[in-house]
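**Student:** I'd like to ask some things about the structure below.
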Amino acid sequence: MAFEELIEAWDGEGVVVHHDEPTSSWMLIGVHDTTLGPGMGGTRLSSYRQPSDALDDVLRLSEAMTWKQAAADLPYGGGKAVIAVPEVPTPGSDDRRALLLRYAELVDSLHGTYVTAADMNTGETDMDTIAERTSHVLGRSTANGGAGDPGAATALGVFHGIRATVLRAFGDDALEARSVLVQGLGSVGSRLAGHLHDAGATLLLADVDAERATALADELGAKVVRANDVIGTECDVFAPCATGKVLSEDTIPLLRCRAIAGAANNQLATAGDGERLRDAGILFAPDFVVNAGGVIHLAGRETLGWDDATTASRLEAIGDSLLEIFDRAERESLSPATAADRVARERVAVARGE
């Protein structure tokens, strides 16, 4: 779809489209909803087939952030950004620094309507750079007064979510008797695998980087699954921790798992795929609930002043939130995806006074 068609079909508040001439890159920021607070979400640094694909990511992900912040009961709305580059600049390079400083000026021009953080291919060092030109950034390094990399908190939150999902799917939350397939072994997926290993789960690991998968599997005593074989591999729990839209009309019939709970954003290709999973007898932990640990960590530590104990408690409560959503889904004959969506939308509606 063209830029115009994508934006016209979107129900968000605003989109910033900026072409960075020195690098032939596109800087795209989507602010979906600011009812609960400024739109907050990470900045992706990635290459795309065409700019409209990057815009599609921004629009979808900023909306998902609205519901993630609402479901986690945080004082932020939904936002997301993408810097679509011909080639991702090397970390620490002068080219990367210059690009991020120009991007920071764009963020600052929104005067706090959008607050950025780390995302795919960006980290706390990049947030430190961005903070040189704008104060509207979370996730700087702890040495520079920030909360640091939120990946560890995201992984721990997903781990608590998997325990809750296993409890509902199998009747107890013991992971020693369960096999978990983790797809995507980046910052979050690799840490999640460590938590699952420590809990005694049988681990299956997959990544497009076969060497990374093999190295982590050797460390944890896990089995490697080829990236192309993930869909259709038998396991108790499938944990998508890579790209979105992995659960679709085409892939759902091929799944051989009892439950799904992972860190990837926008795991459902369409809204109807939540019903397809329900009809297939697969318990789905809505992604914007189970992967909220990162925003809980950032907002809690940098905005709300939480200490370690409070932050840990809020991460553990992700499991409780999932159980409440599963209860509501069963009570109202809904898919968990629909139940979670209603919870988030109701919180936004209440804040609007509707």
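The values are calculated or read from the model by the stated rules, or taken from the named source; none is laboratory data. Note that the coordinates shown come from a computational prediction; the quantities given were computed from them, not determined experimentally. Glycine gets a Cβ as well: all are built from the backbone with ideal geometry, and neighbour counts include every protein chain shown.
**Student:** One residue is enough: does segment 4-23 have a residue meeting the conditions in a helix (DSSP H, G or I), modelled with pLDDT of 95 or more and surrounded by fewer than 18 Cβ atoms within 10 Å (Cβ to Cβ)?
**Tutor:** no
**Student:** Looking only at segment 278-286, decide whether some residue is closer than 18 Å to Ala72 by Cα, within 13 Å of the chain's Cα centre (by Cα) and part of a helix (DSSP H, G or I).
**Tutor:** Scanning segment 278-286 turns up no residue that is closer than 18 Å to Ala72 by Cα, within 13 Å of the chain's Cα centre (by Cα) and part of a helix (DSSP H, G or I).
**Student:** From the list Gly161, Gly194, Gly171, Gly148, exactly one residue is buried (at least 22 other Cβ atoms within 10 Å of the Cβ) and either under 23 Å from the mean Cα position of the chain (by Cα) or modelled with pLDDT of 95 or more (or both). Which is it?
**Tutor:** Gly161
**Student:** Let me ask something else. Give the number of residues within segment 248-281 that are polar (S, T, N, Q) and without any contact (Cβ under 8 Å) to a residue 40 or more places away in the chain.
**Tutor:** Matching residues across segment 248-281 total 4.
**Student:** So is Leu55 modelled with pLDDT under 95 and crowded, with 24+ Cβ neighbours inside 10 Å or not?
**Tutor:** For Leu55, the condition - modelled with pLDDT under 95 and crowded, with 24+ Cβ neighbours inside 10 Å - is not met.
**Student:** Do we find a residue being assigned to a helix (DSSP H, G or I) and buried (at least 18 other Cβ atoms within 10 Å of the Cβ) anywhere in segment 241-255?
**Tutor:** yes
**Student:** Right, something else. Filter segment 101-111 down to the residues that are surrounded by fewer than 21 Cβ atoms within 10 Å (Cβ to Cβ) and not in a loop (DSSP other than H, G, I, E, B) and list them by number.
**Tutor:** Leu101, Arg102, Glu105, Leu106, Asp108
Here's the yes/no breakdown for (1) small (Gly, Ala, Ser); (2) in contact with a Lys or Arg (Cβ under 9 Å, 6 or more places away or on another chain); (3) buried (at least 23 other Cβ atoms within 10 Å of the Cβ); (4) outside any helix (DSSP H, G or I):
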site	(1), (2), (3), (4)
Asn266	no, yes, no, yes
Leu298	no, no, yes, no
Arg301	no, no, no, no
Gly305	yes, no, no, yes
Thr310	no, no, no, no
Asp320	no, no, no, no
Glu324	no, no, no, no
Ala337	yes, yes, yes, no
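**Student:** Show the residue pairs that are 6+ apart or on different chains and have beta-carbon atoms under 8 Å apart, the first residue being within segment 307-327 and closer than 27 Å to Arg278 by Cβ, the second being basic (Lys, Arg).
**Tutor:** That search, which allows pairs on different chains as well, returns Gly319/Arg163; Leu322/Arg168; Leu323/Arg168; Phe326/Arg168.
**Student:** Let me confirm something: among Gly274, Gly232, Gly184, Gly262, which residue is under 22 Å from Met120 (Cα atoms), of a type outside the set (D, E, K, R), in contact with a helix residue (DSSP H, G or I) (Cβ under 7 Å, 6 or more places away or on another chain) and modelled with pLDDT of 95 or more?
**Tutor:** Gly262
**Student:** Check off (1) in the same structural domain as Glu211 (by TED's automatic domain parsing); (2) free of Cβ contacts under 8 Å to residues at least 40 places away in the same chain for Val137 and give me the number that stays unchecked.
**Tutor:** Going through the list (1) in the same structural domain as Glu211 (by TED's automatic domain parsing); (2) free of Cβ contacts under 8 Å to residues at least 40 places away in the same chain, Val137 breaks only (1).
**Student:** Quick test for you: out of Lys68, Lys80, pick the one residue that is buried (at least 24 other Cβ atoms within 10 Å of the Cβ) and touching a Leu at 6+ places or on another chain (Cβ under 6 Å).
**Tutor:** None of the others qualify; the one that does is Lys80.
**Student:** Sticking with this one: May I ask you to verify whether Met27 is in a strand (DSSP E or B) and farther than 21 Å from Gly157 by Cα?
**Tutor:** Yes; evaluated as a whole, the condition is true for this residue.
**Student:** Where in segment 112-201 are there helices (runs of 4 or more DSSP H), lying wholly inside it, with at least 2 residues that are of a type in the set (S, T, N, Q) and closer than 29 Å to Ala217 by Cα?
**Tutor:** 151-170, 187-198
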